[in-house]
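Student: The structure is given below, and queries will be raised subsequently.
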Amino acid sequence: MEFNIALLRGDGIGPEIVDSAVAVLEKTAAKFGHKFSFTPYLIGGCAIDETGIPLPQETIDGCLASDSVLLGAVGGPKWDDQPGSNRPEKALLGIRSALGLFTNLRPAKLYPALRAASPLKDEIVGKGFDIMIVRELTGGIYFGDRGYREGKYGQEAFDTEAYSVTEIERIGRVAFDTAMKRSKRVCSIDKANVLESSRLWRKTMHSLAEEYPEVEYSDMFVDNAAMQLVRDPKQFDVIVTSNMFGDILSDEASQITGSIGMLASASLGETSRGMYEPIHGSAPDIAGQNKANPIATILSGAMMLRYSFGLSAEADAIENAVDKVLEAGCRTADLMGSTEGNPLTCTEMTEKIAEVL
Ligand code: NAD
């Protein structure tokens, strides 16, 4: 099969890690008989340097014309003085909205080989865990009515959480479909004991669950979920939740894996085109030194194959190659304790993964 991939390398370590993912994707294409074409576009600080703005129209048009988008990271101290509306990070909101991406998939996986990196005790993490957080991305309180008004105690500010049945069903279906490709468990997280919007969320999720009899469905209040994630993360497979709860819980879940350089993400919309990126930033402190861990971006590439192109065996092959190199003891600097031996460079780690594929 043939696919066109738009590459948004961005700033800092962005170019190094995206090039790593491209090398692994090219190897995968050769192994499975596919053809991937890659077209680079500017985004973030490098786009400001070249064009004066962080998200040129050519980038938006190129991404819209592609089958999917792979992003590195944007930003860095060089652009910190830019006005708010022209900051590199502004481009992220712009491109997500231009591509109509309403779902964020954030896997939080603790690899058995990296168990020591988790801040949780051994008896809690056991052999590791593998959670997929499905977060609604374009609704809820971050996009609801807001403002200032006169209240009981004088001036007050307010924000509104609002969700329609359509929005809840849309994100719910992504969660149930995702669970069908994994271990078929969905936990929906809300605050239905207090919030009306959560009561509609829960009612809608329950109706949807009836359409997926193979999926084991449960609900949990968000305060309990925050505790359960550190008490017993292994109990979760797919978590589905609103924009704000997902924002908070996905960061908590990534912290308990202990390694920011390992975590991929996907943003999806109505079409098969998605945007795939590591959850970390542009790491200006190590940029250009060939020290970055490329695995989060390589795994983002694997997610692209699975969720945008329907190439599950190919995605499995990349994920298994990552497992194998970690089991073999390969580590970039961020995955090593200070007393361990020599770390692999970004290029060496990429070559190891491509070799094992
Ligand atoms: P960061 O994620 O870039 O870095 C935090 C720490 O983690 C640093 O010590 C860094 O060296 C390390 N790190 C991150 N990714 C790594 C990797 N792949 N391998 C090894 N080490 C890695 O967060 P920050 O320092 O808060 O932000 C730096 C810049 O990135 C800022 O301009 C920020 O706005 C931007 N940022 C961009 C995105 C994005 O593009 N999606 C996300 C977060 C931050």
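Student: Restricting attention to strands (runs of 3 or more DSSP E) lying wholly within segment 144-214, give those where 1 or more residues are open to solvent by 10 Å² or more (accessible area, probe 1.4 Å) and within 15 Å of V240 (Cα to Cα).
Tutor: In segment 144-214, the matching strands (runs of 3 or more DSSP E) lie at 185-190.
Student: Taking interchain pairs and intrachain pairs at least six residues apart, which have beta carbon atoms under 8 angstrom, with the first residue in segment 322-340 and over 17 Å from T257 (Cβ atoms) and among the charged types (D, E, K, R) and the second at pLDDT 85 or above and away from the ligand (no atom under 13 Å from the Cβ)?
Tutor: K324/V356
Student: Condition test on K90, is it open to solvent by 10 Å² or more (accessible area, probe 1.4 Å), of a type in the set (D, E, K, R), within 23 Å of T297 (Cα to Cα) and without any contact (Cβ under 8 Å) to a residue 40 or more places away in the chain?
Tutor: So K90 fits the description; yes.
Student: Here is a follow-up. Scanning for something in contact with a helix residue (DSSP H, G or I) (Cβ under 6 Å, 6 or more places away or on another chain), open to solvent by 20 Å² or more (accessible area, probe 1.4 Å) and not aromatic (F, W, Y), does segment 53-70 turn up at least one residue?
Tutor: Yes, because at least one residue in segment 53-70 is in contact with a helix residue (DSSP H, G or I) (Cβ under 6 Å, 6 or more places away or on another chain), open to solvent by 20 Å² or more (accessible area, probe 1.4 Å) and not aromatic (F, W, Y).
Student: Checking the structure you have, find out if any residue of segment 286-309 is open to solvent by 10 Å² or more (accessible area, probe 1.4 Å), among the hydrophobic types (A, V, I, L, M, F, W, C), in contact with a Gly (Cβ under 9 Å, 6 or more places away or on another chain) and within 11 Å of the ligand (Cβ to nearest atom).
Tutor: Yes, segment 286-309 contains a residue that is open to solvent by 10 Å² or more (accessible area, probe 1.4 Å), among the hydrophobic types (A, V, I, L, M, F, W, C), in contact with a Gly (Cβ under 9 Å, 6 or more places away or on another chain) and within 11 Å of the ligand (Cβ to nearest atom).
Student: Just to check your reading of the model, which residue among V325, V240 is modelled with pLDDT of 95 or more and more than 20 Å from the chain's Cα centre (by Cα)? Talk me through it step by step, then tell me what you get.
Tutor: Details: V240 fails: more than 20 Å from the chain's Cα centre (by Cα).
Residue meeting the stated conditions: V325.
Student: Would you mind telling me which numbered condition in (1) part of a loop (DSSP other than H, G, I, E, B); (2) away from the ligand (no atom under 16 Å from the Cβ); (3) at pLDDT 95 or above S282 fails?
Tutor: (2)
Student: Now, a different point. Quick one: E277 ticks every box in (1) in a helix (DSSP H, G or I); (2) under 14 Å from the mean Cα position of the chain (by Cα); (3) closer than 24 Å to R115 by Cα; (4) at pLDDT 95 or above except a single one, so which number is it?
Tutor: (1)
Student: Also: Going through A333, A266, A321 one at a time, which residue ends up being hydrophobic (A, V, I, L, M, F, W, C) and more than 16 Å from the ligand (Cβ to nearest atom)?
Tutor: Sole residue among the options that is hydrophobic (A, V, I, L, M, F, W, C) and more than 16 Å from the ligand (Cβ to nearest atom): A321.
The values are calculated or read from the model by the stated rules, or taken from the named source; none is laboratory data. Quick caveat, the model's predicted, so the values are computed rather than measured. For neighbour counting, all protein chains shown are included, and Cβ atoms are generated from backbone atoms with ideal geometry for every residue, glycine included. We work out accessible area using only protein heavy atoms, side chains counted, and drop any ligands, DNA or RNA first. Shrake-Rupley method; radii C 1.70, N 1.55, O 1.52, S 1.80 Å.
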